[in-house]
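Reviewing the structure listed below.
The values are calculated or read from the model by the stated rules, or taken from the named source; none is laboratory data. What you see is a predicted model, and the numbers here were worked out from it, not measured in a lab. Cβ sites come from the backbone with ideal geometry, for glycine too, and all protein chains shown count toward neighbours.
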Amino acid sequence: MTTMRTTVLLCFLLLAAPEMICAGEMERRSRIELRMGLRNHGGTTGATTSVGPLGVETTAGANDVSFSLGYAQWLRGNVAGHATLGVLSVEASSRAGPLGVSQQAAVICPMIVGMRYYPRKLSLDTTFRPFLTAGIGLVTGIQSRSDVGLQVVQESGAMTTFGSRAGVGFDLGMGGSFVAIADLGYNLMTDFSDEIGGRRNYSGLEFGLGIGWQFGARADQ
């Protein structure tokens, strides 16, 4: 909880920073971002199949890879608000044996809203712009199970908990309206009330790469 309080405080400080920052040519611009991240929370990526006395079991997962779609809006030349919707873990398993067929699927979706601060002294015009970022939001886990045997059982449910993220990164201009994005941060969340995909918590360090498309009026237009 101490790390989450620190993240909330950092969000507040970034929100207050616009009053101390001069407007730049990024002011009033917007950006849509697509991002892929690599995580280290101890999950697995790939598919496995095992054959035993109880039947055949197949498991597929992408617990170490995340994907997100984001939107950023510049409030000042060096401060942007951003919102992201992501998928940080997907897992599916199927088991076929003498008692029937069992299938399970789970997905974890974080929804984070936060701020980014671009230090003016470290930025090289709009070509290379390092930033600090922090955000808070909700993490939703969705899980479904289907058993077909002596009787058919279908269950599904969703659980929500709190999450936050803080990190550093940089934008690298690619010419025109496109920019490459790289960042390194830590995702912190409270536990789900029950296991989703075999875990209650998906906190961990994450490295991300993405691309953004910028649009909208510049401050000097």
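Please indicate, with yes or no, whether at least one residue in the stretch 53-76 is in a strand (DSSP E or B), at pLDDT 75 or above and touching a helix residue (DSSP H, G or I) at 6+ places or on another chain (Cβ under 6 Å).
The answer is yes; a qualifying residue exists.
If you check Leu184 against the conditions, is it at pLDDT 95 or above and under 30 Å from Asn78 (Cβ atoms)?
Judged against the criteria, Leu184 is a match.
Can you tell me which residues in the stretch 173-195 are of a type in the set (A, V, I, L, M) and surrounded by 14 or more Cβ atoms within 10 Å (Cβ to Cβ)?
The answer is Val179, Ile181, Ala182, Leu188, Met189.
Any residue in the stretch 194-207 that's closer than 15 Å to Gly86 by Cα: show its pairings with residues that are among the hydrophobic types (A, V, I, L, M, F, W, C) and assigned to a loop (DSSP other than H, G, I, E, B) at Cβ separation under 8 Å, as long as the two are six or more apart or on different chains.
If the second residue must be among the hydrophobic types (A, V, I, L, M, F, W, C) and assigned to a loop (DSSP other than H, G, I, E, B), the pairs left are Tyr202/Leu88.
State all residues of the stretch 131-145 that are crowded, with 16+ Cβ neighbours inside 10 Å and of a type outside the set (Val, Ile, Thr); if no residue qualifies, say none.
Phe131, Leu132, Ala134, Gly135, Gly137, Gly141, Gln143
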